[in-house]
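Below is one structure, written out as structure tokens; comments come after it.
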Amino acid sequence: MNRSVFSRGVKDMGGMLAWLESLPGDITAHEVMPASQAVTADWPDIDAGLIAALQKRGINRLYTHQARAIALAASGRDCVVVTPTASGKTICYNVPVLNTIIDSPSARAIYLFPTKALAQDQLSELYELVDDMKLDVRTYTYDGDTPQDARTKVRSAGHIVITNPDMLHTGILPHHTKWKNLFENLKYVVIDELHSYRGIFGSHFALILQRLARICDFYGSKPTFICCSATIANPKELARELIGRTVEMVEENGAPSPERHIIFYNPPVVNSQLGIRRSSLLEVSRIAIEAVCNGIRTIVFTRSRINVELLLTYLQAAASKRGIDPNRITGYRAGYLPNERRAIERGLRDGSIHCVISTNALELGVDIGSLEFSVLHGYPGSVASAWQQIGRSGRRASGGGGNKISAAVMVASSLQIDQFLSANPSYFFGASPEHARINPTNPYIQIGHIKCSSFELPFYAGESFGKCDTEDALDYLARHGVLHMEGGRYHWQADSYPAASLSLRSATSENVVIHDVTDASSPKVIGQMDRKTAPTLIFPQAIYFHLGEPYQVEELDFERMRCYVKRVDVDYYTDGDAAARIEVLDEMGTKAPFGWGEVLLATRPTIYKKIKLLTHENVGYGNIHLPEEQMHTTAFWIIGPQAAAPAGAGDDSKPAAQGKSDSLWGLANLVRTIAPLFLMCDRGDIIVKAHERDPHFRAPTIFVADNVPGGIGLSEALFDLGPKLLAACRDALTNCKCKWGCPACIGATVEDGGEKAAVMELLRDITPAASAFL
């Protein structure tokens with residue numbers, strides 16, 4: 001079926017799949033996951049009115065995983081439920097919580113969701129269930145959008161308080177005396193989307209839960225934890241690290257699922273000599289607009305905020321040309337204001353929005369209606385995230401017995417990891433889930449929460465904080481006038497409010513607030529951006545997109561944490577780059593040729609490109625004038641053989657030396673591609689740097705550094721996985737179809753070619769030392 005036939009009115013998913021197969025690019029995988037039937041269990045011993053309310057909503061029997069989770073929670077045993085998207089995990093915690101409140105009206109529960117959108121979504125579902133039961137179960141959200149006059153009522157009367165880690169951190173724990181009724185009667189703590197609590201955010205969250213545990217102990221309560229997670233390799237371990245207690249795991253899924261088609265699509269080659277393919281952004285736009293124009297409700301996931309805005313611009317323009325209301329297509333990402341996000345969520349549920357382009361902000365379980373089609377612009381960074389995004393379509397198809405079809409297509413970008421997976425789809429479909437890693441012992445993160453917990457309750461001398469000994473930290477804070485030691489206890493005495501200045505999304509605090517000053521007499525806030533990414537995204541003269549509209553950055557003021565932008569009419573966007581240098585400070589582990597330890601990581605924004613919309617031509621460049629920033633972190637390294645170190649390193653006039661350095665940089669590119677597949681991290685969480693002759697080791701060295709002050713455990717994990725990492729690099733190089741090297745394997749090539757063989761030779765030189773650990 002060609003494009004014109006489909007456009008004349010074939011509106012079902014079968015027609016869409018046939019059209020995809022006809023595209024000029026490469027379909028490298030088309031997996032069909034057959035529909036599955038439900039496996040159910042009898043109702044447990046719960047309130048008859050609750051059962052009737054659930055049956056009214058079409059839930060006549062429980063799935064087996066729901067029944068087991070309810071039984072564990074009712075017996076006071078902490079548990080983690082690990083089943084796929086749309087398997088009814090909400091029932092696993094709503095039923096035991098509501099049943100307990102029915103039996104004991106004084107009982108209280110806290111629901112924790114990683115985002116405010118999820119909290120709002122859960123509130124709607126709980127309201128409907130409670131209304132059906134005609135019970136006085138008072139359920140409230142408590143977040144930054146809760147009006148001040150409503151907060152007193154929530155604190156005093158709420159049976160179920162639905163909130164997020166940020167609000168627990170800043171709005172509840174520091175003011176626990178106002179929440180006395182909640183903490184004295186707290187029976188359950190629900191943690192949804194457990195797998196999202198990894199890296200920096202997860203490390204912060206584990207320490208927030210330790211603060212919660214101190215307060216619960218103070219008020220004499222010991223709540224049961226009910227956790228829900230997508231499929232990862234270590235959900236039980238992660239839950240234990242987060243809550244500090246052993247948990248039972250529920251992983252046998254009893255929910256039905258629809259027939260699901262998953263396609264990997266690689267855009268067509270436009271330059272076979274250089275291995276360059278058509279823009280993945282334009283291919284995603286082409287696929288998404290075809291689906292929308294033929295009545296297929298679609299969600300598009302992309303990896304960056306700028307891509308959300310670019311795709312929104314392209315799709316709205318294409319919709320207008322084809323007679324479709326462009327307002328039926330919208331973006332969704334962090335940085336939009338709360339009222340904008342709520343309006344988009346309502347539009348998705350009521351059907352007024354037919355297509356949404358999102359970062360991973362909509363990856364989690366917000367109810368976004370019955371979407372049929374997911375388009376993934378590249379690999380999102382982890383197998384778990386990819387399955388979450390794929391599962392966002394077809395969420396309601398299974399309700400009719402699993403007899404409908406949903407589909408997802410992953411369009412490979414030019415990034416090496418995308419090309420690797422496109423060439424090796426079996427790695428994705430046969431991959432073991434990744435480990436979610438946190439490091440709550442990171443001193444940069446830990447000290448902030450010890451301060452917050454001291455503000456909440458005095459520390460006794462010798463008291464631990466989770467797994468951490470607090471003596472040194474408390475003494476340090478006392479010496480600097482933050483705490484006061486008296487009567488064997490450390491009391492808060494500083495004037496500041498510590499939680500307000502501690503960000504949960506970084507090891508250090510602060511976001512840059514973006515102000516629109518187009519009308520100088522009436523400036524307004526239109527967004528915000530984290531401090532770490534600001535230097536390469538909102539530098540002076542950068543183009544910043546918001547809701548599809550371009551703004552030019554007039555000033556970036558780090559001292560006041562403000563960015564000033566003006567509305568402009570331009571046909572390009574900017575892409576900034578930064579240089580990095582790494583200096584070894586301390587070796588903490590060595591297994592030649594691998595090692596890991598503490599390093600100094602310094603980054604400095606250098607240059608930006610101007611890239612034309614639609615054609616993606618490079619139409620100019622400029623320098624970024626911002627200072628270097630330094631941090632102490634951890635890094636993993638691979639030390640190459642001395643023979644790989646070019647004599648006169650850095651002298652481009654020596655062809656042999658250039659060849660040696662090319663092989664080292666080629667291997668570094670492979671490591672940059674492969675490492676995230678082992679670590680369940682975003683590409684921005686690590687910095688990969690090659691030194692032709694590192695000053696510390698006096699040998700060629702490749703570094704993989706945690707891009708977080710103090711590190712979050714990624715480097716240490718790679719140290720244990722070093723041989724497997726090199727084996728995967730070797731497989732990627734072997735399986736790539738290119739002759740000399742290409743963007744899909746070792747990156748850009750030099751004019752005379754031959755680097756691929758040089759990288760393979762370097763791998764062979766390194767591998768004998770590594771093979772002893774395989």
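The values are calculated or read from the model by the stated rules, or taken from the named source; none is laboratory data. If you're wondering where the values come from, they're calculated on a predicted model, not measured in any experiment. Methodologically, a virtual Cβ is constructed for each residue, glycine included, from the backbone with ideal geometry; neighbour enumeration extends over all protein chains shown. Each accessible area value is taken on the protein alone, full model and side chains, heavy atoms only, with ligands, DNA and RNA left out. Shrake-Rupley method; radii C 1.70, N 1.55, O 1.52, S 1.80 Å.
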For the chain, calculated [θ]222 nm from helices alone, where every DSSP H run of n ≥ 4 adds -39500 (n - 2.57): -11000 deg cm²/dmol
Backbone HN-Hα couplings from phi across segment 300-308 [Karplus 6.51/-1.76/1.60, Hz, Gly and Pro as x]: 10, 10, 9, 8, 9, 5, 5, 5, 4
Heavy-atom accessible surface of segment 425-503: percent carbon and sulfur, 1.4 Å: 49
Per residue, in Å², the accessible surface of segment 272-317 once ligands and nucleic acids are set aside, probe 1.4 Å: 30
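In what sequence, highest mean first, do 281-289, 170-178 appear when ranked by Cβ atoms within 10 angstrom? Display every interim value, and only then the final one.
Numbers: 281-289: 23.0, 170-178: 17.7.
Going by the mean number of other Cβ atoms within 10 Å, highest first, we get 281-289, 170-178.
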Where the Cα pairs of segment 21-101 fall when distances are cut into 10 Å bins, in %: 15, 42, 19, 10, 10, 4
Dimensions in Å of segment 525-644 - Rg and Dmax from alpha carbons: 18.8, 56
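In nm, what is the difference between 0.36 nm times the number of residues separating residue 271 and residue 735 and their Cα-Cα distance?
On the way: separation 464, 0.36 × 464 = 167.04 nm, distance 2.01 nm.
Taking 0.36 nm per residue and subtracting the Cα distance, the gain is 165.0 nm.
What percentage of the solvent-accessible surface of segment 93-159, computed with a 1.4 Å probe over protein heavy atoms, is contributed by carbon and sulfur atoms?
Working: 1260 of 2600 Å².
Looking at segment 93-159 in its full context, I get 48 percent from C and S.
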Answer label, with Rg and Dmax of the Cα atoms in Å calculated from the coordinates and candidates [x] 71.1, 218; [y] 48.5, 146; [z] 26.9, 83: [z]
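Just to confirm, what accessible area per residue do you get for segment 554-639 at 1.4 Å probe, in whole Å²? Don't skip to the end; give the middle numbers.
Details: 4580 Å² over 86 residues.
Value returned for segment 554-639: 53 Å² of accessible area per residue.
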Cα-based convex hull volume of segment 228-282 per residue, rounded to whole Å³: 184
Solvent-accessible area per residue for segment 138-251 (1.4 angstrom probe, square angstrom): 33
Alpha-carbon Rg with Dmax, taken over segment 203-295, Å: 23.6, 70
Per-residue HN-Hα couplings for segment 353-362 [Karplus 6.51, -1.76, 1.60; θ = phi - 60°; Hz; x = Gly/Pro]: 9, 9, 8, 10, 10, 9, 6, 6, 4, 9
Ordering of 705-717, 571-583 by packing [mean C-beta count within 10 Å, highest first]: 705-717, 571-583
DSSP beta bridge pairing in the chain, given as percent antiparallel to the nearest 5: 60
Note, ³J(HN,Hα) from phi for segment 43-52, Karplus 6.51, -1.76, 1.60, rounded to Hz, x at Gly and Pro: 5, x, 7, 10, 4, 5, x, 5, 4, 4
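Sort 624-630, 441-447, 261-267 for me by packing, meaning the mean count of neighbouring Cβ atoms within 10 Å per residue, highest on top. Let's see the in-between values first.
Numbers: 624-630: 14.0, 441-447: 19.6, 261-267: 22.9.
The densest-packed peptide leads the list: 261-267, 441-447, 624-630.
To the nearest 0.05, how large is the calculated FRET efficiency for residue 322 and residue 484 if R₀ is 56 Å and r is the Cβ-Cβ distance?
For R0 = 56 Å, the calculated efficiency reads 0.20.
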Value of relative contact order over the chain, rounded to a whole percent, pairs C-alpha under 8 Å and six or more apart: 11
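Please give the charge dipole size of the chain, origin at the Cα centre, charges +1 on K and R Cβ atoms and -1 on D and E Cβ atoms. Round to the nearest 20 debye.
On the way: 77 positive and 85 negative charges, 281 e Å.
Computed about the Cα centre, the dipole is about 1360 debye.
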